[in-house]
Amino acid sequence: MKDAEFEGKRALVTGGGRGIGRAVARLLAERGGRVAVHYRANRGEAERTLASLAGEGHILVQGDAGEPEETRRIVEETVRGLGGLDILVNNAGVYEEHRIDGAEWEEWRRAWERTVAVNLLGPAHLSYWAARRMIDAGGGRIVNVTSRGAFRGEPTAPAYGAAKAGLNALTGSLAKALAPRGIFVAAVAPGFVETDMAEPFLAGPGGEAIRAQSPLGRAAAPEEIAEVVLFLASGRCGFATGAVVDANGASHLR
Ligand SMILES: NC(=O)c1ccc[n+]([C@@H]2O[C@H](COP(=O)([O-])OP(=O)(O)OC[C@H]3O[C@@H](n4cnc5c(N)ncnc54)[C@H](OP(=O)(O)O)[C@@H]3O)[C@@H](O)[C@H]2O)c1
């Protein structure tokens, strides 16, 4: 079913080839949007996602969100390929374990640098380049995919929790800075979602306990998170700018 709100809207979905990003790209396309499916390494999955999108005019964009200069190119290629940019979904992310009481120094340091580079600096820099386009065009929407871990803690991956907390704070700061420019900024904070990132945990011996964290007794489907992203990207509630919306199955109330 097409949705007039997204008809002709041009969206960049980072990490759009797999998982939550793929679900977001599909829903945007289903509702009339044109999507730049961004990926870093997994071109095959990104091509499969692209081929599965409803409608026409979608493109693939490759780039490492953890490399500052690449963020500019990612946005420029999107603008060239789609003819503009109305919506940025900062979804790409990494999760790497690095226990403070177990990791070697090099492993600890590398995990912090990579996690912060991809999960926090990437969205900040992509937002910078996207906002310049959106300001010139008179408005736009930025939706960040953060995590429950920002609030609940990530004892075995502290850089992940810290980077997502930073992304929540960035969401609020950019919402304030960009509201006068007609740009809406908000975030969704999922709990466990059935994707490659969560698969080792959900399929492992702790899987049942993880599902039991939610009174629903399950993890989220990527499509459920995509629905929240689309609501935020839709403009149906401009007053939600700055919000971080929980989608964690009541596994963590704050
Ligand atoms: N799954 C969960 O339980 C869960 C829970 C809370 C929050 N989240 C967040 O939701 C977002 C999507 O996660 P997911 O579960 O869908 O993960 P996923 O299935 O592991 O997919 C990760 C995506 O990010 C892309 N990516 C990774 N490193 C990148 C880099 N350096 N530059 C650009 N793109 C990069 C990947 O591209 P390639 O395909 O090319 O590798 C892939 O498309 C992430 O921000 C994650 O932190 C996930």
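No lab work stands behind these numbers, since they all come straight from the coordinates. Just so it is clear, the structure is predicted and the values come from calculations on it, not from any experiment. Neighbour counts are summed over all protein chains in view; Cβ atoms, including those assigned to glycine, are modelled from backbone coordinates with ideal geometry.
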Do we have any residue at all in segment 219-236 that's farther than 15 Å from V24 by Cβ, within 15 Å of the ligand (Cβ to nearest atom) and either assigned to a strand (DSSP E or B) or over 21 Å from the mean Cα position of the chain (by Cα) (or both)?
no
Show the residue pairs that are 6+ apart or on different chains and have beta-carbon atoms under 7 Å apart, the first residue being within segment 215-234 and under 13 Å from S251 (Cβ atoms), the second being small (G, A, S).
P215/A250; L216/G249; A219/A198; A220/G191; A220/A247; A220/G249
Being within 12 Å of the ligand (Cβ to nearest atom), surrounded by fewer than 19 Cβ atoms within 10 Å (Cβ to Cβ) and not acidic (D, E): is that true of R99 here?
no
Hits in segment 19-58 (condition: in contact with a Ser or Thr (Cβ under 7 Å, 6 or more places away or on another chain) and of a type in the set (D, E, K, R)):
R22, R26
Is there a residue being more than 10 Å from the ligand (Cβ to nearest atom), surrounded by 14 or more Cβ atoms within 10 Å (Cβ to Cβ) and not in a helix (DSSP H, G or I) anywhere in segment 158-180?
no
For the subset of segment 39-55 comprising residues that are free of Cβ contacts under 8 Å to residues at least 12 places away in the same chain and over 22 Å from A163 (Cβ atoms), which member is surrounded by the fewest Cβ atoms within 10 Å (Cβ to Cβ)?
A51
Members of segment 4-38 that are in contact with a Leu (Cβ under 8 Å, 6 or more places away or on another chain) and touching a residue at least 60 places away in the same chain (Cβ under 8 Å):
F6, K9, R10, A11, L12, V13, T14, V24, R26, L27, L28, R31
